[in-house]
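Participant: So that we are looking at the same thing, I have put the structure below in structure tokens.
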Amino acid sequence: MPVIRLLLTPLWDATTYARWVYMVIGGTVFLPYLLATLVLASMFATPATPGPQGADPGFLALALIPAVLLVAASAWIPGARSLEGHVTHALLRGPIAAEHITESASWRSRARTGLWLALHLVLGFGVALATMVGLTEAAALAATPFATDHMAIAQGPLTFFGSSRPTGALRWLAPLIGLGLLLALVYTTALIGWGMARLAPRLLGPSTAERLAAAQERADHLAERNRLARELHDSIGHALSVVALQSGTAARVLDSDPDFARHALEAIAEQARTATAELDHVLGLLREERPTAATPPQRGLSDLQGLIEATRAIGGQLTAHVDGDVHHVPAVVSRETYRICQEGITNALRHGGKVPITLHVTIEPERLSVEVTNPHTPASSPLPRPALRRGGGHGLAGLHERLRILGGRLQAGPHDGHWRLRAEISWGQAR
């Protein structure tokens, strides 16, 4: 049963007829090339008188070879590869349908495209001729039993019954021969289309170098999007944590301490403005807009004092120590260290509430360390350590990703009754 199904599938599969059309289109495109070279060949050589076997083979070869070379040279025409790729995707289908076909970027790629065009057009020309002859022959054979005595059945170049019209039982055998001829045409075309579909990725698809370049481009794109995701999480997450903390506190003391409630609302407004600016910055990068002067710069250790003051303004009990010159830290390390400090303070506020927080940044000639601690008790820090996840910008997973890129180390967990977040980064010779 599977064998019968396999044999019958080409008859009703739409792919067979789509590939048939694809091959006939190639033959149609090849015809002007062949006619042009036939005319040119006749100017330099006189074809011999056709004999019993047909036209002069030497003359046909003289015209066919230049036609094939012209077809292959068409691969150097801008847009030829893309156009062939669109038609191949639509009609040939198969493995090539999953490939992204771009313009040729190298001589080798154009050579592969030229070879494909030559195969497509030459084989397509053969399929087109076979289609024209085969369908005509099948129709003539199918009409043989119904022809009147005075009607002659022209069977074209394929003669099955000699020069005379078949009579008797042979008249009813003719339609079966026509059906067999039609089936042979369908299966032959299906086989050629199948072979072309398997060969297309090798000649028309991207080369190994193009695949590697595309993979690198996708990797760079994903890496940039992951970086933006981390930036968005760290900046907006910090602002939302402050807003949640302050709004809850303001609601509780609105009647008893209106001054504090007013300061809390002002801090919420300031954090909302900061979050909006950060969001505009990230969305602008996602839209691939060119940064303008109004776009907020990425914060670094020189902005750490602002983060400290903002935390204290919302009621956070933050004690900060910065040892060393923040201006001697490389820009990328300074930016990532700021985000680590921000994330550590945010986690302490979110999970510990209004507990004392200590931030200690130590800067040495070619290394620095960051340590954020807060009291760790079941009541004040009920949440367990988040599970690490790859490729994200979420909490500790995002911090581990940042430190991994910079070659640093991160430790987070209970330590002497406190929750401690410690990061170490080296650069230069000390790395």
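The values are calculated or read from the model by the stated rules, or taken from the named source; none is laboratory data. Since the model is a prediction, treat every value here as computed from it, not as a measurement. Every residue, glycine among them, receives a Cβ derived from its backbone with ideal geometry; neighbour counts consider all protein chains shown.
Participant: Do we have S82 as modelled with pLDDT under 95 and in a helix (DSSP H, G or I) here?
Facilitator: yes
Participant: Separate question: Looking at G284, G300, G306 in this structure, which one is in contact with a Lys or Arg (Cβ under 7 Å, 6 or more places away or on another chain), modelled with pLDDT of 70 or more and assigned by TED's automatic domain parsing to the domain that holds L359?
Facilitator: G300
Participant: Still on this structure: Quick one: would you say T131 is within 16 Å of V24 (Cα to Cα), of a type in the set (S, T, N, Q), in contact with a Lys or Arg (Cβ under 9 Å, 6 or more places away or on another chain) and modelled with pLDDT of 85 or more?
Facilitator: Considered against the rule, which asks whether it is within 16 Å of V24 (Cα to Cα), of a type in the set (S, T, N, Q), in contact with a Lys or Arg (Cβ under 9 Å, 6 or more places away or on another chain) and modelled with pLDDT of 85 or more, T131 comes out as no.
Participant: Now a separate question. Would it be correct to say that P157 is over 43 Å from the mean Cα position of the chain (by Cα), closer than 21 Å to F30 by Cβ and at pLDDT below 95?
Facilitator: Here the answer is yes, as P157 does meet what is asked.
Participant: Of everything in the range 298-314, what is under 15 Å from L245 (Cα atoms) and surrounded by fewer than 16 Cβ atoms within 10 Å (Cβ to Cβ)? Give them in sequence order.
Facilitator: Scanning the range 298-314 gives a single hit, R312.
Participant: Mind counting the residues in the range 346-388 that are at pLDDT 85 or above, surrounded by fewer than 14 Cβ atoms within 10 Å (Cβ to Cβ) and farther than 16 Å from R409 by Cβ?
Facilitator: The number of residues fulfilling the criteria is 1.
Participant: Cβ contacts < 6 Å: first residue in contact (Cβ under 8 Å) with a residue 40 or more places away in the chain, restricted to the range 214-230; second residue β-branched (V, I, T) and surrounded by 13 or more Cβ atoms within 10 Å (Cβ to Cβ), any location; separation 6+ or different chain. Result?
Facilitator: L228/V282
Participant: Looking only at strands (runs of 3 or more DSSP E) that fall completely inside the range 316-380, which ones have 1 or more residues that are among the hydrophobic types (A, V, I, L, M, F, W, C), in contact with an Asp or Glu (Cβ under 8 Å, 6 or more places away or on another chain) and not assigned by TED's automatic domain parsing to the domain that holds E231?
Facilitator: Qualifying strands (runs of 3 or more DSSP E): none found.
Participant: For the range 402-418, how many residues are in a strand (DSSP E or B) and closer than 17 Å to V355 by Cα?
Facilitator: Final tally of qualifying residues: 4.
Participant: Here is a further query. Give me the residue from the range 24-43 that is of a type in the set (G, A, S) and modelled with pLDDT under 95 and, out of that set, nearest to G124 (Cα to Cα).
Facilitator: Filtering first and then ranking leaves A36.
Participant: Scan the range 11-20 for residues that are within 29 Å of the chain's Cα centre (by Cα) and not small (G, A, S) and jot them down.
Facilitator: Passing the criteria: T15, T16, R19.
Participant: So, one more: Just one of (1) on the phi < 0 side of the Ramachandran plot; (2) modelled with pLDDT under 60 trips up L173, so point out which.
Facilitator: Only one criterion is unmet by L173, namely (2).
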